[in-house]
Amino acid sequence: MADLTSKKCVPCDSKDIRPMSEQSANELLAQVQGWNLLSEGGVMKLHRSCKVKSFTKGLEFFQLVADVAEAEGHHPDLHLVGWNNVKIDIWTHSVGGLTENDFILAAKINSLHVEHLLRRKAVA
Ligand SMILES: C[C@H](O)[C@H](O)[C@H]1CNC2=NC(N)=NC(=O)C2=N1
């Protein structure tokens, strides 16, 4: 199975794009560490949350994510709440569900070098 980061998102308005099943989404989830499936208003989405070191580092993180999204022509919902809590939701709006595009985008976000922007998780 080809690595998701080596793939390219396809235009979301192509006529043969369909939302995938929950089973397919769960299978692909293994390739996007740190992301979870979320169902909101009947729409299945990919969700990830993390803490950033500061409000401005959160905006820097968003800019790096935005660069990937623009390159892919596929976009996440970005939330920066309580000054340092980042939440990212990804789904394919044109079909109201998940497609491979969403997993490609999540995998490419995971491959960003952003350790300098993120707060390390406290070791239990
Ligand atoms: C033409 C193309 O379908 C639209 O411009 C893109 C833009 N980015 C997008 N991003 C996401 N997440 N879903 C979409 O349906 C979508 N559509």
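Just so you know, all these numbers are worked out from the coordinates, no wet-lab data involved. Keep in mind that what you see is a predicted model, and the values were worked out from it rather than measured. Please note: Cβ atoms are built from the backbone with ideal geometry, for glycine as well, and neighbour counts cover all protein chains shown.
Trypsin sites (Lys or Arg not before Pro) within segment 1-108: which are DSSP loop residues with at most 10 other Cβ atoms inside 10 Å?
15
Going by how many other Cβ atoms sit within 10 Å of their own, how do 22, 115 line up, fewest first?
Values: 22 13, 115 7.
Arranged by neighbour count, lowest to highest, 22, 115 become 115, 22.
Which entries in the list 8/51; 87/121; 15/108; 57/121; 7/51 go over 22 Å, if you measure between the two C-alpha atoms of each?
Checking Cα-Cα distances, 8/51; 15/108; 7/51 exceed 22 Å.
Please build a GNM for the chain, connecting alpha carbons under 10 Å apart, and tell me which residue among 89, 102, 16 fluctuates the most.
In the Gaussian network model the winner is 16.
Any chance you could give the angle, 0 to 90 degrees and rounded to 10, that helix 55-72 forms with the longest Cα principal axis of the chain?
In the chain, helix 55-72 runs at an angle near 20 degrees to the longest axis.
Sequence gap at least 6, Cα distance under 8 Å: using those rules, report the relative contact order of the chain to the nearest whole percent.
Once divided by the residue count of the chain, the mean separation gives 36 percent.
Rounding to the nearest 10 and keeping the result within 0 to 90°, find how far the Cα-based axis of helix 100-110 lies from the longest principal axis of the chain.
20 degrees
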